[in-house]
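Below: one structure, written as structure tokens.
The values are calculated or read from the model by the stated rules, or taken from the named source; none is laboratory data. Being a predicted model, the structure only gives us computed values, none of them experimental. Cβ coordinates were reconstructed from backbone atoms using ideal geometry, including for glycine residues, and neighbour counts include every protein chain displayed.
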């Protein structure tokens, strides 16, 4: 008979009569140690043998533990896979788009407006990110329009500056001829004023023209080696009032562009006559690898709070009221000197003001 239980049948002498399977406890001592259930087999009232019902609790417990372990491992693997898959989904749907937005924002902040924001329109942020990309395109268009407008303005200023210089040169040439031919001192005086004003207009137009060309990256400076003795002629050509006194300049070879250096010296002397209206002393000395030319006048100088701004574009001091100018002369002069591997600096002295040109010695 099958009862679903393992058992062993013994006679009164302990001999094995029957067992449901091998490996069971086939004696009373083993059965007692395993806590098996022992039942007497009766025939009427006489005990004819023993029935030992096998106690398989340990096996069941071990099997249960194994089943529990397998279940835990299965559930853990399932949860891990679920979290991993869900994490990948969250990353693709949320974090990846935000990282793209972050990278896009860095490109826009850096002015790199040609890099589009690539985003799947099916993404929940698709419409949102598409608006950002449209913003990028509009910013790129606005910047390009601004560049074209600025370029057009600069080209217009350069063109007008160049066109104005032609009639001014004619006025200057005619006035010089009339000065030579005139015998009337009063007429000569008035013609000299016209000639001087023409020089001022020419200087102003040259400054504006040069500043515009610089911004257009068209201002050419060709540096070559020249003798310092040529500086005398450059200073004389710029000294339209003949009030500049040049001391001896040390002989050496310097790096310079004669045309640009003449423009610098012309700016310095013109500013001195305009604001100080005194004689100008020019001295030269060698300081290390530089020939330093000092242009000293005897006016009121420049207030200390204004000196740091002297070489700024379009800056004009408090003493410039009522005087012509655009605040470009010293700015352009510094730019040109730097291009010639030199520099320009200032000195505030008692009873005057000094500008120093530093020319690199070959």
Query raised in the report: So which of 342, 317, 352, 327 is modelled with pLDDT under 85 and closer than 21 Å to residue 235 by Cα?
Result: 352
**Report entry** Test result for residue 117, at pLDDT 85 or above and either more than 30 Å from residue 9 (Cα to Cα) or within 38 Å of the chain's Cα centre (by Cα) (or both)
**Finding:** no
**Report entry** Single unsatisfied condition, residue 82 versus (1) farther than 26 Å from residue 34 by Cα; (2) touching a helix residue (DSSP H, G or I) at 6+ places or on another chain (Cβ under 9 Å)
**Finding:** (2)
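Tell me the residue from 242, 237 that is out of contact with any strand residue (DSSP E or B) (no Cβ under 9 Å at 6 or more places or on another chain) and on the phi > 0 side of the Ramachandran plot, please.
Within the list 242, 237, the selection yields 242.
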Requested in this report: Mind telling me which of the residues 284, 327, 301 ends up being surrounded by 13 or more Cβ atoms within 10 Å (Cβ to Cβ) and under 23 Å from residue 199 (Cα atoms)?
Outcome: 327
Report summary line: Quick count over segment 41-96, residues being in contact (Cβ under 8 Å) with a residue 40 or more places away in the chain and not in a strand (DSSP E or B), is 2
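Given the criterion in a helix (DSSP H, G or I), on the phi < 0 side of the Ramachandran plot and modelled with pLDDT of 80 or more, identify the matching residue among 188, 197.
It is 188.
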**Report entry** Any chance residue 9 is in contact (Cβ under 8 Å) with a residue 40 or more places away in the chain, touching a strand residue (DSSP E or B) at 6+ places or on another chain (Cβ under 8 Å) and either more than 30 Å from residue 116 (Cα to Cα) or surrounded by 12 or more Cβ atoms within 10 Å (Cβ to Cβ) (or both)
**Finding:** yes
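Look at residue 179 and say whether it is at pLDDT 70 or above, surrounded by fewer than 16 Cβ atoms within 10 Å (Cβ to Cβ) and in contact with a helix residue (DSSP H, G or I) (Cβ under 8 Å, 6 or more places away or on another chain).
Numbers: at pLDDT 70 or above: yes; surrounded by fewer than 16 Cβ atoms within 10 Å (Cβ to Cβ): no; in contact with a helix residue (DSSP H, G or I) (Cβ under 8 Å, 6 or more places away or on another chain): yes.
It is false that residue 179 is at pLDDT 70 or above, surrounded by fewer than 16 Cβ atoms within 10 Å (Cβ to Cβ) and in contact with a helix residue (DSSP H, G or I) (Cβ under 8 Å, 6 or more places away or on another chain).
Can residue 111 be described as part of a loop (DSSP other than H, G, I, E, B) and closer than 30 Å to residue 133 by Cα? Lay out the reasoning, then the answer.
Values: part of a loop (DSSP other than H, G, I, E, B): yes; closer than 30 Å to residue 133 by Cα: yes.
Spelling it out, residue 111 is indeed part of a loop (DSSP other than H, G, I, E, B) and closer than 30 Å to residue 133 by Cα.
Of the residues that sit in segment 245-263 and are part of a strand (DSSP E or B) and over 45 Å from the mean Cα position of the chain (by Cα), which one is surrounded by the fewest Cβ atoms within 10 Å (Cβ to Cβ)? First the steps, then the outcome.
Looking only at segment 245-263, we keep the residues that are part of a strand (DSSP E or B), and these are 245-246, 253-256.
Among the residues that remain, those that are also over 45 Å from the mean Cα position of the chain (by Cα) are: 245-246.
Details: 245: 12, 246: 17.
So the residue we want is 245.
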Query - Selected residue (criterion: nearest to residue 49 (Cα to Cα)) from residues of segment 9-38 that are assigned to a loop (DSSP other than H, G, I, E, B) and touching a helix residue (DSSP H, G or I) at 6+ places or on another chain (Cβ under 9 Å) - result: 14
Requested in this report: Please indicate, with yes or no, whether at least one residue in segment 66-78 is modelled with pLDDT under 75, more than 21 Å from residue 5 (Cα to Cα) and exposed (fewer than 12 other Cβ atoms within 10 Å of the Cβ).
Outcome: no
